[in-house]
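J.: One structure follows; several queries about it will come next.
Read the figures in this text as sums done on the coordinates, not as results from a lab. Since this is a predicted model, take the numbers as computed values, not measurements. Ideal geometry is used to build each Cβ from the backbone, glycine not excepted, and the neighbour counts take in all protein chains shown.
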């Protein structure tokens, strides 16, 4: 059996603000919200005794595709003053299967996200060999994480 990647956890400046963004933009729901104290061993961030808050959000599945939001409560974690304007090596690119890419982009824009690419039509050949007509766009969340949205319009034989 192969291992399963269940969740990606993102360090955020403000947990409540980030929760509001993910709930509004992607329709995610809160699965867990708990404070915890770092042990200083497993996580390669912070130090032993740091007080944090872990919020886990989910979409449709209770096992995979979840996003964790990790906020440092005490001491506050230093965050970059400037958010990224391009994807750096080592930074994740989140790819979202959107039901309505334009509507999702507009929700992100309304909450202050920086838009990288407005909705555009494009085509891709899938793993099954079929061409898919898509609408795609991309933007950053409020903490500088990059999202690429793709909406399948048609699948051609």
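J.: Please give, to one decimal in nm, the separation of the simple spin-label points placed at residue 79 and residue 156, each 7 Å out from Cα toward the Cβ.
T.: 4.4
J.: So what's Rg/Rh here for the chain, counting alpha carbon atoms and using the Kirkwood radius for Rh?
T.: A ratio of 1.01.
J.: Going highest first, how would you order 76-87, 27-38, 95-106, 141-152 by mean Cβ packing within 10 Å?
T.: 141-152, 95-106, 27-38, 76-87
J.: Hey, another quick one. Quick one: check the C-alpha center-to-center distance for the range 53-122 versus the range 140-155, whole angstrom.
T.: The range 53-122 and the range 140-155 have Cα centres spaced 9 Å from each other.
J.: So the label point goes 7 Å from the Cα of residue 38 along Cα→C-beta, right? Which residues of the range 65-105 then have their backbone N under 14 Å from it?
T.: Within reach of a label on residue 38: 70-79.
J.: Also, I was wondering about something else. Viscosity 1.306 mPa s, temperature 10 °C: what is the translational diffusion coefficient of the range 93-156 from Stokes-Einstein with a Kirkwood Rh over Cα pairs, rounded to a whole number of µm²/s?
T.: Working: Rh = 12.1 Å.
My calculation gives 132 µm²/s for D.
J.: Right, next: Hey, what's the Kirkwood Rh for the range 54-129 if you take every pair of different alpha carbons, in angstrom?
T.: 16.2
J.: Same structure, new question: Would you mind giving the three semi-axes, in whole Å and largest first, of the ellipsoid equivalent to the range 7-74 according to its Cα gyration tensor?
T.: 22, 13, 9
J.: Another question, then. Using only Cα atoms and rounding to the nearest 10 degrees, what angle (0 to 90) does helix 15-26 make with the longest principal axis of the chain?
T.: Its long axis makes an angle of about 10 degrees.
J.: Describe numerically, in nm with one decimal, the distance between label points set 7 Å from Cα along Cα→Cβ at residue 59 and at residue 118.
T.: 2.6
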